[in-house]
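**Student:** For reference, the structure I am asking about is given below.
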Amino acid sequence: MQTVEANVRHSLEIGGVSTDKLVEEYGTPLMVYDEGMIRRNARAFRSAFESSELDFQVAYASKAFLCKEMARLANEEALSLDVVSGGELYTALEAGFPAARIHFHGNNKSEEELAMALDAEIGCFVVDNFLELEMLHDLASKRNQEVSILLRVTPGVEAHTHEYIMTGQEDSKFGFGLSNGQAETAIQIAARKPQYKLLGIHSHIGSQMFGTEGFDQAIQILTGFVYQMNKKYGLALPVLNVGGGFGVRYTEDDQPLTISEYVTAISESVKKHYTTHELPYPEVWIEPGRSMVAEAGTTLYKVGSKKIIPDLRTYITVDGGMTDNIRPALYQARYQAMLANRPDEDSTELVSVAGKCCESGDMLIWDLMLPPTNYGDILAVFSTGAYGYSMASNYNRIPRPAVVFADKGESRVVIERETYEDLVRKDQ
Ligand code: LLP
């Protein structure tokens, strides 16, 4: 959670830059990242693994937020990168992200996307389904290229999270089922294909998880499977990728573990289950997205109209909404916010924060205590750094906001604000 520091001008600071200054310089709505916090998160993941003495890769799940500068930051912090589309791959390559540390996910990678990734010689494909297993190999054979792959499996674990973001259960569009034998069939096919270097298996059981039981359960099941594949077919499967899903704090009701606690629990679980099966420890890969960037992001909006419905509700409206943060509308996600320009004032007014889209569901926060608001106040909504900008749209032809990185008292634009010209650029 963003620390609330009132500066001499009595406005909230992010990365040592006053929000007054940020708004003055870049306008609103504005997505501001505390760059130092993202770097500290990256280092926390890596250092927890270093203490575990397991070999590892921490692949930032770029779907949470990606732009060229974010890819550069991930590279500087020695992260690998999980991409799920040609567009994410393109962004990473344009930023000079080393292809060898790129992992390509997705349940319907097109032939063009596969070819693009082969051209770039990325580090690993996470193969999701039987079509891809054949198609990727055909493409690789034609090029006489060796390809490292993981197979995505669904271990049948139901993570305790919102059902739309639950992905490890049997009835899922992702991956090969373990209990119905499809994962084993896929392993047999992959092991026979000459261009494939089968590194191991991958599973991602869900997102925004607060506990570690789901990981332990999944790791137990995956280890049992690795053991069987080892016994039956002599396969080593040296990599175990357990996905992402580490929870973050959106409001005070959220009580996630620390990054180090998540990593330690996973490492211990891997060691325990691999020891039980007398298997050598694998290289452990994880794919944190939300936990890398969510709490580092704050959205600054300008407060506009106010509608007071006597004895019912007071709506305040901001100059953004579901176009820059669809999560409340899509997942009933909850956020915390404050007035950035008057951080010291008592919150005495109960309001609900509406966006500016032509849609009743375009609400950012229901029932929030704020100081009495006026036109022009700056509302800071916290923990918007993951799946906010990356899920943004131009609904109602609203341009996407600018994105800024702030650190040690300096700020810089990493994605420019969209203009009206941008909106019509592709129109004929
Ligand atoms: N790896 C795989 C294979 C995934 O599918 C995902 C997320 C991640 C890693 C990263 O998970 P994270 O650490 O960010 O929880 N739009 C939703 C979240 C969708 C997550 C999809 N997959 C939201 O806004 O909550």
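**Student:** Of all residues in segment 337-381 being among the small types (Gly, Ala, Ser) and not in a loop (DSSP other than H, G, I, E, B), which is nearest to the ligand (Cβ to nearest atom)?
**Tutor:** Let us first name the residues in segment 337-381 that are among the small types (Gly, Ala, Ser), namely 337, 340, 347, 352, 354-355, 360-361, 376, 380.
If we keep only those that are not in a loop (DSSP other than H, G, I, E, B) too, we end up with 337, 352, 354, 380.
Details: ALA337: 18, SER352: 21, ALA354: 20, ALA380: 20 Å.
Filtering first and then ranking leaves ALA337.
**Student:** When residues of segment 23-57 are filtered for being in contact with a Pro (Cβ under 7 Å, 6 or more places away or on another chain) and within 27 Å of GLU418 (Cα to Cα), how many remain? Full working, then the answer.
**Tutor:** Our first condition is that a residue be in contact with a Pro (Cβ under 7 Å, 6 or more places away or on another chain); within segment 23-57, this holds for 29-31, 45.
Filter once more, so that each one left must be within 27 Å of GLU418 (Cα to Cα): 29-31.
Matching residues across segment 23-57 total 3.
**Student:** To continue, here is another question. Would you say ARG334 is within 16 Å of the ligand (Cβ to nearest atom), under 23 Å from ILE415 (Cβ atoms), among the charged types (D, E, K, R) and surrounded by 15 or more Cβ atoms within 10 Å (Cβ to Cβ)?
**Tutor:** Values: within 16 Å of the ligand (Cβ to nearest atom): yes; under 23 Å from ILE415 (Cβ atoms): no; among the charged types (D, E, K, R): yes; surrounded by 15 or more Cβ atoms within 10 Å (Cβ to Cβ): yes.
Criteria not met by ARG334.
**Student:** Any residue at all in segment 382-398 that's within 28 Å of MET70 (Cα to Cα) and in a strand (DSSP E or B)?
**Tutor:** yes
**Student:** Quick one: is TYR60 part of a strand (DSSP E or B), out of contact with any Pro (no Cβ under 6 Å at 6 or more places or on another chain) and hydroxyl-bearing (Ser, Thr, Tyr)?
**Tutor:** yes
**Student:** Just to verify a result, which residue in segment 286-330, among those that are within 17 Å of SER360 (Cβ to Cβ) and hydroxyl-bearing (Ser, Thr, Tyr), is surrounded by the fewest Cβ atoms within 10 Å (Cβ to Cβ)?
**Tutor:** This residue is SER305.
Each row is one residue, and each column tells you yes or no for (1) more than 16 Å from the ligand (Cβ to nearest atom); (2) in contact with a His (Cβ under 8 Å, 6 or more places away or on another chain); (3) touching a residue at least 40 places away in the same chain (Cβ under 8 Å).
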{"site": "GLY234", "(1), (2), (3)": "yes, no, no"}
{"site": "ASP254", "(1), (2), (3)": "no, no, yes"}
{"site": "ILE266", "(1), (2), (3)": "no, no, yes"}
{"site": "VAL270", "(1), (2), (3)": "yes, no, yes"}
{"site": "GLY289", "(1), (2), (3)": "no, no, yes"}
{"site": "GLY297", "(1), (2), (3)": "no, no, yes"}
{"site": "LEU330", "(1), (2), (3)": "no, no, yes"}
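**Student:** Restricted to segment 193-222, and to residues that are surrounded by 23 or more Cβ atoms within 10 Å (Cβ to Cβ) and β-branched (Val, Ile, Thr), which residue is nearest to the ligand (Cβ to nearest atom)?
**Tutor:** Checked segment 193-222; the qualifying residue nearest to the ligand (Cβ to nearest atom) is ILE205.
**Student:** Can you tell me which residue within segment 84-107, out of those that are without any contact (Cβ under 8 Å) to a residue 24 or more places away in the chain and not in a helix (DSSP H, G or I), is farthest from the chain's Cα centre (by Cα)?
**Tutor:** Initial filter on segment 84-107 (without any contact (Cβ under 8 Å) to a residue 24 or more places away in the chain): 84, 87, 98, 100, 102, 104, 106.
Applying the additional criterion that residues be not in a helix (DSSP H, G or I) yields 84, 98, 102, 104, 106.
Values: VAL84: 11, PRO98: 20, ILE102: 15, PHE104: 15, GLY106: 14 Å.
Among residues in segment 84-107 that are without any contact (Cβ under 8 Å) to a residue 24 or more places away in the chain and not in a helix (DSSP H, G or I), the one farthest from the chain's Cα centre (by Cα) is PRO98.
Rule-based calculations on the coordinates, nothing more; no lab input. In this text the structure is predicted, and so the values were computed from the model without any measurement. Heads up, the Cβs are rebuilt from the backbone with ideal geometry, glycines too, and the neighbour counts pull from every protein chain shown.
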